[in-house]
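Here's the structure we're looking at; comments come further down.
Only the coordinates and a few stated rules stand behind these numbers; no lab work does. Nothing here was measured: the structure is a model prediction, and the numbers come from that model. Cβ placement follows ideal geometry from the backbone for every residue including glycine, while neighbour counts extend to all protein chains displayed.
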Amino acid sequence: MDVVDPAWLPPDTWRAIGRRRIRLTGHGLLVDTVAGELGQACARFGGELVRSTGGPPCDVEMGLGGEAALGAEGFAITTGSGPVRLRAHQPHGLLYGMFHLLRLGDAPASTTCRPAVPRRMLDHWDNVDVHPVMGQVERGYAGSSLFWRAGAPRRDLTRVTTYARMLASCGINAVALNNVNVHATEARLLTDRLGEVAELAGVFRRYGIRTHLSVSFAAPVLHGLDTADPLDVRVRRWWEHATAAVYQDIPDFGGYLVKADSEGRPGPFTYGRTHADGANLLADALAPHGGVVHWRAFVYNHRQDWRDRSIDRARAAFDHFTPHDGTFRDNVVLQVKHGPMDFQAREPVSPLIPAMPRTRIGVEFQITQEYTGQQRHVCYLAPMWSELLRGTHGPALADSASEFVAVANVGDDPFWTGHPLAQANLYAFGRLAWDPGLDPAAVLDEWITLTFPDTPARLGDALHAIMQNSWATYERYTAPLGVGFMVHPGDHYGPAVDGYEYSRWGTYHHADRDGVGVDRTVTTGTGQAAQYPEPWRRIYDSRPDCPDELVLFFHHLPYTHVLRSGVTVIQHIYDTHFAGADEVAVMRGRWAELSGTLPPAAYERVAELLDEQVRSAGEWRDQVNSYFFRKSGVPDAHGRRIY
Ligand code: GCV
């Protein structure tokens, strides 16, 4: 196996705990996993792991017997004059408690932790066969899949074990293995290739992670039936049998993930049925075994006529799904992207999320940086997620979510995520899914301390400075004021201001000589603003009240319109694009100062990528500024160079 970066679990991170005498009591798979980890750490750093109950007290006493209120995954750490005590009610709590002790390092403090939601899941968009356009991993920017390569399963699962450990350490407890776009080969993972899934599930199980599978709604047809109609009794039987067979091989199988009637995928609409009919079919097959269906709400018309302004993609999920609130089975999770469009660097929250009080909602984030620099740009996403979760500019997602899901950003790249600093996004998703109230800046520092355990202050400060505001910087040099989608069609990298303006995908900015932005107001626009609960409906609908960050998402504004910030729309575009590109140059400079403080391979990789980010940010600045200068004819108030 190639040398792989240890990410945020390098051996030295275990030093504080590995020096101690630790008593661990209890039995079972997860307790054995904890014992294995602690045993290794003690062997390396001179401590001792004691598995018996008697004898003198140890420095750390870990075991079950914690209060039932800790739930299935919580833990309590108490410190005082005696030993540090870690108690959990269930083995999962011991696993998470151990990793929390790692975070606390030399200074363990009393704390009680329980996750905010019971499932914290990663969706992999991995293909088994290399897709002719999307490759081995759809929207993957970190090499090949950890699970498959060129149609075949990976034989050596050492890296998957290391990966499972990384995920558990930040609180992830579920994974979907394969792409939601399920093609013919991948459809067979459910049936004759189930053994591959079972093998991976065995690896993840050791770290408390349940395995889920993306399935095609047309699976019965792909396997020989003449229909996939959810109300056809033969289809019901087919799913019951297939599901029972899955549970025979994988007794703790998590369930199915489905993208239906979305971007060309098959679904219940083909048979004149609803999405509740479709989801409930699979839910019924899974229910006797304790499984769930993640049913995606990413349903919209992707063959839109750009000339027809009455269709608004941002309305689609709400319009499709709200009539069905309360009709989904209890084991259906409606999985909704955090925004109404598609993982742009800035969007309002999806109005569907607060509109389904009688449905379990899984909020979906995207860690893979499809629209946020493709792991070539530094873009620490936790500040964005935190704003969405807490409700900085809209309804707080954390209030309506039953669980959190994110599209993974890993592959077989030696640094896991292509850009070494993109590891922080994976870590931070797990931490925020566990506790959405965490401060993203503190999570970043946690990641820095774990990843670089002997960090000189200079390195920690520089990393923090480079990363903490990198999402804001990215937003500045890309699409302005919430308008989104000024990217190259297809690969979605780099600027193409009109790239999607006359296309079928429903992703427009409507710039003309007078102004820019999409009118989603109630009186003159598509009315999407009315899909939000008050007070947001009123705020978004009002030009003066709408937050600047989202104003072009909801309003078509003249270039001379004065924003809440006091500058005009056009001057804001110029100012932010100059500032954003300048900020990237500063990041590059700070990184150069770190030469010699980091392992050379990581230093070089980031340096090269920052060079590309500097180039790309300059390109964004010049294309966006020139485009709007040419459209509007309004010069930059500061006379800077625009082409
Ligand atoms: C997996 C966007 C991406 C697609 C992705 C889709 C989805 O459209 O570009 O690659 O498909 O979202 O989330 O289903």
Inset, instruction - Would you give the gap between the C-alpha center of the stretch 592-643 and the C-alpha center of the stretch 413-440, rounded to a whole Å? - result: 24 Å
Legend entry - Alpha-carbon centroids, the stretch 157-220 and the stretch 10-28: separation in whole Å: 29 Å
Inset, instruction - Starting from the Cα-Cα distance between D277 and H223, subtract it from 0.36 nm times their residue separation and give me the gain in nm to one decimal. - result: 17.4 nm
Inset, instruction - Could you work out how far apart the two model spin labels at R537 and D399 are, taking each label as a point 7 Å from the Cα in the direction of the beta carbon, and quote it in nm? - result: 1.5 nm
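Relative contact order of the stretch 110-219: what whole-number percent is it, with Cα pairs under 8 angstrom and at least 6 residues apart?
Details: 159 pairs, mean separation 32.0, N = 110.
Relative contact order for the stretch 110-219 comes out at 29 percent.
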Legend entry - Taking the stretch 203-327 and dividing mean pair separation by its residue count, relative contact order in percent (alpha carbons under 8 Å, at least six apart): 24 percent
Legend entry - Theoretical gain in end-to-end length, T392 to R237 [0.36 nm per residue, Cα-Cα removed]: 51.1 nm
Legend entry - Under-5 Å amide H pairs with S214, H placed in peptide plane, nonlocal only: L177, N178, L257
Inset, instruction - Would you kindly compute the Cα radius of gyration of the stretch 535-643 and its largest Cα-Cα separation (Dmax), both in Å? - result: 18.2, 54
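Would you mind getting me the FRET efficiency between E501 and F269? Use the beta-carbon distance for r and R0 = 35 Å, nearest 0.05.
Numbers: r = 28 Å, r/R0 = 0.80.
Efficiency, rounded to the nearest 0.05: 0.80.
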Inset, instruction - Please list the non-local residues whose amide H lies under 5 Å from the amide H of L122, H modeled 1.01 Å from N, same-chain partners needing a gap of 5 or more. - result: A174, V175, A176, A406
Inset, instruction - Determine the principal axes of the Cα atoms in the stretch 72-175, then give the extent along each, sorted from largest to smallest and rounded to whole angstroms. - result: 62, 25, 21
Legend entry - Calculated diffusion of the stretch 1-155, Stokes-Einstein form, Kirkwood radius summed over Cα pairs, 25 °C and 0.890 mPa s, µm²/s: 139 µm²/s
Inset, instruction - Measure off 7 Å from each Cα along the Cα-to-Cβ vector at R640 and A43, then give the distance between these two points in nanometres to one decimal. - result: 5.7 nm
Legend entry - Pair-distance profile P(r), taking every C-alpha pair of the stretch 158-290, with 5 angstrom steps and integer %: 2, 11, 20, 23, 19, 12, 8, 4, 1, 0
Legend entry - Calculated log₁₀ intensity ratio I(q)/I(0) where the Debye formula runs over C-alpha points of the stretch 373-424, q = 0.20, 0.22, 0.31 Å⁻¹: -0.78, -0.85, -1.15
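Given N residues in the stretch 410-504, what is Rg(Cα) / (2.2 N^0.38 Å)? Could the numbers behind the result be given before it?
Values: Rg = 16.6 Å, N = 95, 2.2 N^0.38 = 12.4 Å.
Compared with the compact-globule rule of thumb, the stretch 410-504 sits at 1.34.
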Legend entry - Integer Hz, Karplus 6.51/-1.76/1.60 couplings in order for the stretch 211-226, x for Gly and Pro: 9, 10, 9, 6, 10, 8, 4, 8, 3, x, 5, 4, 9, x, 6, 8
Legend entry - the chain: antiparallel DSSP beta bridges as a percent of all, rounded to 5: 25 percent
Inset, instruction - Find the Cα radius of gyration of the stretch 446-554, compare it with 2.2 N^0.38 Å by division, and give the number to two decimals. - result: 1.45
Legend entry - Principal axis dimensions, the stretch 249-300 - Cα atoms, whole angstrom, descending: 34, 18, 16
Inset, instruction - Anything in the chain that counts as a DSSP H helix reaching 18 Å or more along its axis (C-alpha) with Kyte-Doolittle mean of at least 0.5? List them, would you? - result: 29-45, 91-104
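Cα-Cα pairs above 43 Å in the chain: how many percent?
Values: 48321 of 206403 pairs.
More than 43 Å apart: 23 percent of the Cα pairs in the chain.
So how strong a dipole does the chain carry about its Cα centre when Lys and Arg Cβ are +1 and Asp and Glu Cβ are -1, to the nearest 20 debye? Walk me through the intermediate numbers first.
Details: 62 positive and 74 negative charges, 144 e Å.
The dipole of the chain has a size of about 700 debye.
Over every pair of different alpha-carbon atoms in the stretch 505-579, take the mean of 1/r and invert it; report that Kirkwood radius in Å. Kindly include the intermediate steps, with their values, before the conclusion.
Working: mean 1/r = 0.0787 Å⁻¹.
Evaluated over the stretch 505-579, this radius sits at 12.7 Å.
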Inset, instruction - Using amide H atoms built 1.01 Å from N in the peptide plane, name the residues 5+ places from Q335, or on other chains, whose amide H lies under 5 Å from its own. - result: W295, R296, A297, G362
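Rounded to the nearest 5, what is the percent of antiparallel bridges among the DSSP beta bridges in the stretch 68-189? Don't skip to the answer; put the middle values down first.
Numbers: 11 of 15 bridges.
Of the beta bridges lying entirely in the stretch 68-189, close to 75 percent run antiparallel.
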Inset, instruction - Please work out the Cα center distance from the stretch 264-323 to the stretch 374-405, rounded to the nearest Å. - result: 23 Å
Inset, instruction - Give, in nm to one decimal, the length gained when the segment between T158 and V133 is fully stretched (0.36 nm per residue of separation minus the Cα-Cα distance). - result: 6.1 nm
Legend entry - Label-to-label distance, nm, for residues given as R309 and R564 (7 Å Cα→Cβ offset): 2.5 nm
Inset, instruction - List the relative contact order of the chain as a percent without decimals, with contacts defined as Cα pairs under 8 Å and 6+ residues apart. - result: 11 percent
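I need the Kirkwood Rh of the stretch 258-352: take the reciprocal of the average 1/r across all distinct C-alpha pairs and report it in angstrom. Write out the running numbers ahead of the final one.
On the way: mean 1/r = 0.0702 Å⁻¹.
About 14.2 Å, per the Kirkwood formula over Cα pairs.
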